[in-house]
Amino acid sequence: MEAPLKALMIAGLAGDGPAHARMLTMLSGYLRAYFARRLGAGSADVEDLVQETLLAIHLKRATFDVRLAFTPWVFAIARYKLIDHFRRAGARRSVPLDDAAELFAAENAEEGAVRRDVGKLLGLLPARQQALMRDVKITGLSMDEAARRAGMSVTAAKVSVHRGMKRLEREVGPEDH
């Protein structure tokens with residue numbers, strides 16, 4: 001994960017807002033799994049820690065030295081946020097000095113199941129609509145970027161994504177919302 005994430009970070013530092021947004025979106029899944037492994041998957045604090053860490057990465061991005069590896073820098077921020085969380089909670093817990101690979105470890109079983117379910121649902125849509133949905137809703141591309149990739153107008157892409165969402169909502173049913 002180092003190379004694509006670092007490339008997005010460098011592009012973001014150079015003023016590419018969509019690249020910066022994609023990098024943060026990609027990191028959110030890894031951070032969520034990292035914190036869930038330490039706090040328990042059902043912990044309400046996991047999402048707060050993800051958001052705090054993403055905000056810190058965003059606010060401290062100018063301190064990143066592009067000559068160094070990116071993932072250890074992210075891991076250090078995540079680890080400090082976890083330690084701060086334990087301090088606020090009054091917990092006396094130690095956080096091991098693992099390496100950055102710990103943050104980017106293989107996904108947990110629950111995430112794999114969710115990914116498979118999303119894949120099955122998207123499989124119900126026509127290929128072009130699937131690609132748009134993945135680009136916009138999963139990868140985090142802007143509507144402009146996704147429309148360009150699909151060779152469509154932005155308006156047509158918006159309509160397609162909207163219709164795709166409506167279809168998936170019908171497939172899932174009201175009991176699963």
Residue list for the range 3-28, filter: in a helix (DSSP H, G or I) and loosely packed, with under 14 Cβ neighbours inside 10 Å = A3, P4, A7, G17
Taking the range 74-102 and keeping only residues that are open to solvent by 60 Å² or more (accessible area, probe 1.4 Å), part of a helix (DSSP H, G or I) and either at pLDDT below 60 or among the polar types (S, T, N, Q) (or both), one is left with A101
Out of the residues in the range 124-171 that are outside any helix (DSSP H, G or I) and open to solvent by less than 50 Å² (accessible area, probe 1.4 Å), which is modelled with the highest pLDDT?
-> M152
Long-range neighbours under 7 Å by Cβ, at least six apart or interchain, first residue farther than 17 Å from A44 by Cα and of a type in the set (S, T, Y) within the range 67-87, second at pLDDT below 90 and open to solvent by less than 50 Å² (accessible area, probe 1.4 Å) | T71/A100; T71/L103; T71/F104
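The values are calculated or read from the model by the stated rules, or taken from the named source; none is laboratory data. What you are looking at is a predicted structure, and each value in this text was computed from that prediction instead of being measured. Reconstructed Cβ throughout: ideal geometry from the backbone, glycine too, with neighbour counts over all protein chains shown. Only protein heavy atoms, including side chains, enter the accessible area calculation; ligands, DNA and RNA are left aside. Shrake-Rupley method; radii C 1.70, N 1.55, O 1.52, S 1.80 Å.
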